[in-house]
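The values are calculated or read from the model by the stated rules, or taken from the named source; none is laboratory data. Just so we're clear, the structure is a prediction, and the values are computed from it rather than from any experiment. Here the Cβ positions follow ideal geometry from the backbone for every residue, glycine too, while neighbour counts run over all protein chains shown. The area values use the complete protein model at the heavy-atom level, side chains included, leaving out ligands, DNA and RNA. Shrake-Rupley method; radii C 1.70, N 1.55, O 1.52, S 1.80 Å.
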Amino acid sequence: MKQPVTYELLHECKQTGARRGIVHTPHGDIQTPVFMPVGTQATVKSMTPEELKEEVQAQIILSNTYHLYLRPGHKIVEEAGGLHKFMNWDRPILTDCGGFQVFSLSDLRKITEEGVEFKSHLDGSKHMFTPEKVMKIENSLGADIIMSFDECCPYPSTYEYAKNSMERTTRWAKRCIEAHAKPEEQALFGIIQGGFYKDLREKSAKDLIELNLPGYAIGGISVGEPKEEFLDILKYTAPLMPKDKPRYLMGVGSPDYLIEAAMAGIDMCDCVLPTRIARNGTAMTWNGKVVVRNATYERDWRPLDPECDCYTCKNYTRAYIRHLVKANEILGVRLLSIHNLRFLTKLMERVRMEIENDHLGTFKEEFYKKYGYEK
């Protein structure tokens, strides 16, 4: 069977081993490494699809299975012609499996071999997610890349809990494969789990790779652990993943984590961070964070970032954006969101260039110094 999503390796950085490639999908090619904006409820908050394409230059966006199942319902999206038509987005889409949301948003949940029973965070109604049901939802949504149902275990977790969770995730992945109704249209990715135990990560990767899925993700890190532990598990797990398939690190969006992910050989990352901090009046710039709501920017007539090519930085000052934020005007959030999203897509453009030039390690050192990160 021909896979709907494939990976083409173009270059490996001689300095770091980072990968430069292309992910081919039914809705277009994705240049990697890539940052993927998150459109949780079939929209990247406050952004139009045209702005995402033209101003942000996003190549692919994510939507959330859990949220779209609760509202408006996957059948309504299916009746609309799938997510692409429903939200007027003609580039690739990835839907997560809802596993993280089930475990993080629902306080009252019961995990069994069958699946997870949980209460909606919206109205308290009871629901059940099984691998089969998640596949039915994701098939209805119609994204190019869909994720198998997993258990994202909390940090910290005991070895026994992480082991049982990881083994269940593998069994659920097998059930997802059986239930997947559109394997020629939608690529099903497996999620490597195992907490912060290297032998469990290795076992999870080995067992999932034997299933011969078209792509693989690392789940269950960047969940509140210290950066040293994050990097340790990332650098251990990424090389275990197939070289000829896309490698996805879930839930990562800060500039330092994106660069570290690329250096570890990851192709795809996503996070709500850029739009979330925009709503708090914060911008990411090439010289570090700017908390534009602070009084120091009241009469600052400079753009958010003189080095940025986005619509916001070409047309508006820090003082004006601060005024909008302080006045609770939605335009302030929109302008900051455009900037933050473009900052990260621009950062990944630069990362791809530095990989091609075999200089990613040198760029990391220069960027960290300028941004204010410690090495």
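Screening the stretch 118-156 for residues that are modelled with pLDDT of 90 or more, more than 18 Å from GLY220 (Cβ to Cβ) and charged (D, E, K, R) and picking the one that is surrounded by the fewest Cβ atoms within 10 Å (Cβ to Cβ) gives ASP123.
Which residues, taken from the stretch 239-288, are of a type in the set (Gly, Ala, Ser) and either surrounded by fewer than 21 Cβ atoms within 10 Å (Cβ to Cβ) or not in a helix (DSSP H, G or I) (or both)? Write out each step before concluding.
Filtering the stretch 239-288 for residues of a type in the set (Gly, Ala, Ser) gives 251, 253-254, 261-262, 264-265, 278, 281, 283, 288.
Once the filter is applied, which keeps residues that are of a type in the set (Gly, Ala, Ser) and either surrounded by fewer than 21 Cβ atoms within 10 Å (Cβ to Cβ) or not in a helix (DSSP H, G or I) (or both), the stretch 239-288 yields GLY251, GLY253, SER254, ALA264, GLY265, GLY281, ALA283, GLY288.
Going by what's in this entry, would LYS203 be described as under 19 Å from GLU113 (Cβ atoms) and among the basic types (Lys, Arg)? Considered against the rule, which asks whether it is under 19 Å from GLU113 (Cβ atoms) and among the basic types (Lys, Arg), LYS203 comes out as yes. Per the listing LYS2, LYS110, the residue uniquely part of a strand (DSSP E or B) and modelled with pLDDT under 95 is LYS110. Yes or no: SER222 of a type in the set (S, T, N, Q), out of contact with any Asp or Glu (no Cβ under 8 Å at 6 or more places or on another chain), at pLDDT below 95 and under 20 Å from TYR159 (Cα atoms)? Judged against the criteria, SER222 is a match. Tell me, please, whether a residue that is open to solvent by 30 Å² or more (accessible area, probe 1.4 Å), more than 24 Å from LEU231 (Cβ to Cβ) and more than 21 Å from the chain's Cα centre (by Cα) can be found in the stretch 330-339. Yes, because at least one residue in the stretch 330-339 is open to solvent by 30 Å² or more (accessible area, probe 1.4 Å), more than 24 Å from LEU231 (Cβ to Cβ) and more than 21 Å from the chain's Cα centre (by Cα).
Note on the stretch 179-203: residues that are open to solvent by 70 Å² or more (accessible area, probe 1.4 Å) and among the basic types (Lys, Arg) total 2. Apart from one condition, CYS176 fits all of (1) more than 22 Å from GLN59 (Cβ to Cβ); (2) in contact with a strand residue (DSSP E or B) (Cβ under 7 Å, 6 or more places away or on another chain); (3) open to solvent by 70 Å² or more (accessible area, probe 1.4 Å); the exception is (3).
The selection criterion, being surrounded by fewer than 19 Cβ atoms within 10 Å (Cβ to Cβ), in a helix (DSSP H, G or I) and not small (Gly, Ala, Ser), holds for LYS206. Of the set (1) among the hydrophobic types (A, V, I, L, M, F, W, C); (2) in contact with a Phe, Trp or Tyr (Cβ under 9 Å, 6 or more places away or on another chain); (3) touching a residue at least 60 places away in the same chain (Cβ under 8 Å); (4) not in a strand (DSSP E or B), all apply to MET135 but (3).
Every residue, every condition in (1) farther than 22 Å from PHE129 by Cβ; (2) modelled with pLDDT under 95; (3) of a type in the set (Lys, Arg), yes or no:
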residue: GLN15; (1), (2), (3): yes, no, no
residue: GLY28; (1), (2), (3): yes, no, no
residue: PHE35; (1), (2), (3): yes, no, no
residue: GLN57; (1), (2), (3): yes, no, no
residue: ILE60; (1), (2), (3): yes, no, no
residue: PRO72; (1), (2), (3): no, no, no
residue: LYS85; (1), (2), (3): yes, no, yes
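When the strands (runs of 3 or more DSSP E) confined to the stretch 6-51 are screened for residues that are in contact with a Pro (Cβ under 9 Å, 6 or more places away or on another chain) and surrounded by fewer than 17 Cβ atoms within 10 Å (Cβ to Cβ), those reaching at least 2 such residues are found at 28-32.
So for the stretch 189-196 (the condition being within 28 Å of TYR371 (Cβ to Cβ), in contact with a Leu (Cβ under 9 Å, 6 or more places away or on another chain) and part of a strand (DSSP E or B)), does at least one residue qualify? No, the stretch 189-196 has no match at all.
The residue pairs whose first member lies in the stretch 154-166 and is within 9 Å of GLY194 (Cα to Cα), whose second member is modelled with pLDDT of 95 or more and open to solvent by 70 Å² or more (accessible area, probe 1.4 Å), and whose beta carbons are closer than 8 Å, counting only pairs six or more residues apart or on different chains, are MET166/LYS203. Checking the structure you have, find out if any residue of the stretch 298-307 is in a helix (DSSP H, G or I) and either farther than 30 Å from LEU9 by Cβ or open to solvent by less than 90 Å² (accessible area, probe 1.4 Å) (or both). No. One residue stands out among those in the stretch 33-53 that are touching a residue at least 24 places away in the same chain (Cβ under 8 Å) and of a type in the set (Val, Ile, Thr): the one that is nearest to GLY21 (Cα to Cα), which is VAL34. Of the residues making up the stretch 138-168, those that are aliphatic (A, V, I, L, M) and part of a helix (DSSP H, G or I) are LEU141, ALA162, MET166. Here's a check for you: in the stretch 70-104, which residue that is open to solvent by less than 20 Å² (accessible area, probe 1.4 Å), touching a residue at least 24 places away in the same chain (Cβ under 8 Å) and assigned to a loop (DSSP other than H, G, I, E, B) is farthest from GLY224 (Cα to Cα)? Step by step, filter the stretch 70-104, then rank; the result is GLY82.
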